[in-house]
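Derivation of every value follows stated rules applied to the coordinates shown; laboratory data play no part. Keep in mind it's a predicted model, so treat the numbers as computed, not measured. Ideal geometry is used to build each Cβ from the backbone, glycine not excepted, and the neighbour counts take in all protein chains shown.
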Amino acid sequence: MTTQPIIESGMTFGPFPEGHCFHIEKSEVYRKVKVGVKMVEFLLLKIRDGHPPIVWMVEARSSTPKPQPQPNFDAFIDEMRQKFTNALSLGLAACLKRHEDADAELPEAFKGLNLSVTSFQLILVINHHKDAWCIPLRDALQKALRSTIKTWALGPAAVLVINDGMAQSHGLILANAGDGV
Amino acid sequence: MLDRIELMNFGPITEMDWKNLGQINLVIGANDTGKTFLLKALYTGIKTLEEYKRGNDQRTAVEILAEKLRWTFQAEKIGDLVTKGADAPLSYFLSSDHHKFRYSFGKDTTKQIVIQENHIIPRKSNSVFLPAKEVLSLYNIIQKTRDRDRVFGFDDTYLDLCRALGPLPKGGKNSLFAEPRQNLEEILGGKVELDEKSGWQFKKENQKFPIGVTAEGIKKIAILDTLLGNGYLGPDSIIFFDEPEAALHPSAISRLLDIVALLAEGGIQFFLASHSYFVVKKLFLIAQEKSLSIPVISAGDDGCWQHANLKKGMPDNPIINESIELYKKEVKLALQ
């Protein structure tokens with residue numbers, strides 16, 4: 001069994017194995033708190049042999065401002081920062097059943113997570129973004145998220161900015177499914 | 001100002017034609033692709049033209065050039081500079097303000113160079129090569145090994161720079177460079193001075209420090225400041241700057257390149273060779289901000305030279321490609 005694919009920003013994410021994807025942006029948990037709370041698209045649980053589980057928090061974009069100092073760019077980075085910190089908070093709050101709808105809609109695999117050892121990966125996927133442009137954008141986003149990375153003891157590569165090609169090679173989007181499916 | 005360079009069979013450079021040169025020009029590429037070699041090749045040509053017919057110097061252009069090539073590249077015979085295995089002789093062409101200078105020689109040449117064209121108007125300016133390593137702490141050793149002992153070791157780029165740093169008759173203050181000098185001295189937090197008894201010293205407020213205990217980056221910037229201050233460099237000078245990033249913090253690289261841009265506006269032409277992403281990126285931003293043509297030439301593994309211009313965008317080049325590869329490895333590690 002797999003979940004329905006998630007179509008965002010001209011990219012088709014998934015389908016993923018049943019019970020491993022939480023479409024947080026369309027969830028009841030989020031709907032009830034969404035005013036003033038920006039959110040990523042979905043959470044994807046990856047279970048790896050011999051390693052702690054990892055939750056990918058994925059935000060999709062079709063374009064981004066150039067990585068140069070300008071109000072537009074700073075605003076974009078701040079918006080992404082808010083989305084990822086909110087996703088981390090709401091994802092954890094849902095796992096801890098602090099919201100009454102969480103128990104009903106959170107996949108079983110998420111409910112059984114040992115949160116003290118679970119890793120979190122914050123991934124911004126930008127469609128048609130050049131490889132070289134991902135690096136300064138990741139650096140800027142990582143800097144903006146530094147306090148979150150430190151306080152939650154996230155890994156040194158917890159923040160990634162990738163394009164559709166990289167997302168495809170790591171199984172986030174299916175081959176030949178990248179263009180506005 | 002140099003506007004075109006064409007080299008054939010010159011050491012590692014088998015074929016290169018760089019046209020439409022700008023006030024700032026950048027050479028990038030991996031190690032051993034000939035970046036420094038290219039800068040030195042340009043330097044020998046331009047220094048020949050600057051020394052030719054200067055003052056009472058009676059040497060012919062061929063004599064100056066042969067000497068410059070030998071002491072800059074430290075070759076036993078200058079024919080060794082011809083690309084190994086090349087069928088054709090070494091060929092060198094440059095154009096300065098649309099005036100041409102062309103020479104060639106074969107692999108058996110010891111001194112005899114054929115200057116086929118020299119329409120360059122004698123240059124009154126002084127150009128300089130700034131090597132990756134600073135020279136202040138080696139000042140006396142360089143002068144001793146070269147001027148007294150006449151042995152190879154430090155090439156002419158080092159010796160010429162030491163001579164240029166020495167006290168020169170003051171030609172009056174050059175207000176053209178007042179702003180870049182002030183900016184340089186802000187980065188330095190002081191200045192270097194040549195003391196007859198103690199040698200080079202770094203002076204900060206009222207304290208003096210021996211040059212040996214001064215940071216590499218400080219010495220490097222101090223060299224440029226001194227050359228502007230002693231009047232050696234003028235508006236028509238050309239600065240060949242090898243690895244400007246060496247020993248400098250990224251923020252200092254950025255500030256130094258802002259100064260390079262100011263000096264370029266004042267007339268100095270720059271040829272920079274770099275490995276640094278910061279240098280490429282900062283020059284790209286300068287090109288965008290000032291709408292300035294900054295030609296880039298990149299040495300590929302196959303010996304072919306790729307042309308680009310930072311005004312039109314960041315070039316496809318080994319520095320950026322390597323940073324992308326490293327980033328992809330990081331993504332793979334994080335997402336595996």
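Within the span defined as the range B:83-90, one or more residues are outside any loop (DSSP other than H, G, I, E, B), touching a residue at least 12 places away in the same chain (Cβ under 8 Å) and touching a strand residue (DSSP E or B) at 6+ places or on another chain (Cβ under 6 Å).
Only a single criterion out of (1) more than 25 Å from A:Ile6 (Cβ to Cβ); (2) surrounded by fewer than 14 Cβ atoms within 10 Å (Cβ to Cβ) is not satisfied by A:Ile135, namely (2).
Could you please let me know if B:Lys100 is surrounded by fewer than 22 Cβ atoms within 10 Å (Cβ to Cβ), outside any helix (DSSP H, G or I) and in contact with a strand residue (DSSP E or B) (Cβ under 7 Å, 6 or more places away or on another chain)? The answer is yes for B:Lys100. A search for C-beta distances below 7 Å between a residue of the range B:7-25 that is touching a residue at least 12 places away in the same chain (Cβ under 8 Å) and any residue that is of a type in the set (Lys, Arg), counting only pairs 6+ apart in sequence or on different chains, returns B:Trp18/B:Arg4; B:Lys19/B:Arg4; B:Leu21/B:Arg4. Output the number of the condition that B:Leu326 fails; it satisfies all remaining conditions of (1) aliphatic (A, V, I, L, M); (2) buried (at least 18 other Cβ atoms within 10 Å of the Cβ); (3) more than 30 Å from B:Ile120 (Cα to Cα); (4) within 14 Å of another protein chain (Cβ to nearest Cβ). Evaluating B:Leu326 over (1) aliphatic (A, V, I, L, M); (2) buried (at least 18 other Cβ atoms within 10 Å of the Cβ); (3) more than 30 Å from B:Ile120 (Cα to Cα); (4) within 14 Å of another protein chain (Cβ to nearest Cβ) leaves (2) as the failure.
Among the residues making up the range A:159-174, those that are within 8 Å of chain B (Cβ to nearest Cβ) and either out of contact with any Cys (no Cβ under 9 Å at 6 or more places or on another chain) or not in a helix (DSSP H, G or I) (or both) are A:Leu160, A:Ile162, A:His170. Note on the range A:30-144: enclosed helices (runs of 4 or more DSSP H) holding 2 or more residues that are within 14 Å of chain B (Cβ to nearest Cβ) are A:131-144. Restricting the range B:147-159 to residues that are buried (at least 21 other Cβ atoms within 10 Å of the Cβ) and touching a residue at least 24 places away in the same chain (Cβ under 8 Å), the residue that is farthest from B:Thr44 (Cα to Cα) is B:Tyr158. Taking the criterion of being more than 26 Å from B:Gly266 (Cα to Cα) and either at the interface with chain A (Cβ under 10 Å from one of its Cβ atoms) or part of a helix (DSSP H, G or I) (or both), the only residue of the range B:300-316 that qualifies is B:Asp316.
Condition check ((1) within 16 Å of B:Leu272 (Cα to Cα); (2) touching a residue at least 40 places away in the same chain (Cβ under 8 Å); (3) not in a strand (DSSP E or B)) across all residues:
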site: B:Ile46; (1), (2), (3): yes, yes, yes
site: B:Gly55; (1), (2), (3): no, no, yes
site: B:Arg59; (1), (2), (3): no, no, yes
site: B:Glu76; (1), (2), (3): no, no, yes
site: B:Ser104; (1), (2), (3): no, no, no
site: B:Thr109; (1), (2), (3): no, no, yes
